[in-house]
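The values are calculated or read from the model by the stated rules, or taken from the named source; none is laboratory data. In this text the structure is predicted, and so the values were computed from the model without any measurement. All Cβ positions, glycine included, derive from the backbone under ideal geometry; neighbour counts span all protein chains shown.
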Amino acid sequence: MRGDFSSWNKEKDQNFNGVLHQQGRVLLDRDWNAQTEILNDWQETAAQDIIGAGVAAVPADAADSFKVTDARIVSAKLKFR
């Protein structure tokens, strides 16, 4: 989905961990977007640290709900059954 954003920064080297709002300052879409980016990055990093990168997790009580019987790379795309 496209949108009209005033700014879209992806600066992981800044090591931000949250957005603090200042009293009397107008909130901009940039503030909300920055907080969303920080949260999404944290969730992705936490998931990779917990279950590993590139892993599809399946709940234990539904073990056969996502059963992969074959996986291979075809024309630089992952195909699985």
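Give the residue, chosen from 53, 60, 46, that is modelled with pLDDT under 85, small (Gly, Ala, Ser) and within 16 Å of the chain's Cα centre (by Cα).
Working: 60 fails: within 16 Å of the chain's Cα centre (by Cα); 46 fails: modelled with pLDDT under 85.
Within the list 53, 60, 46, the selection yields 53.
Taking segment 68-81, which residues are closer than 25 Å to residue 44 by Cβ and more than 22 Å from the chain's Cα centre (by Cα)?
Residues satisfying the conditions are 68, 71, 73, 76, 79, 80.
Could you give every pair whose Cβ atoms fall below 8 Å, whose first residue belongs to segment 63-81 and is at pLDDT below 75, and whose second residue is of a type outside the set (A, V, I, L, M) and in a loop (DSSP other than H, G, I, E, B), counting only separations of at least 6 or pairs across chains?
Once the first residue is at pLDDT below 75 and sits in segment 63-81, its partners that are of a type outside the set (A, V, I, L, M) and in a loop (DSSP other than H, G, I, E, B) give 65/59.
Inside segment 30-56, can you point out the residues that are of a type outside the set (Asp, Glu) and surrounded by fewer than 10 Cβ atoms within 10 Å (Cβ to Cβ)?
Answer for segment 30-56, where residues must be of a type outside the set (Asp, Glu) and surrounded by fewer than 10 Cβ atoms within 10 Å (Cβ to Cβ): 50, 52, 53, 54, 56.
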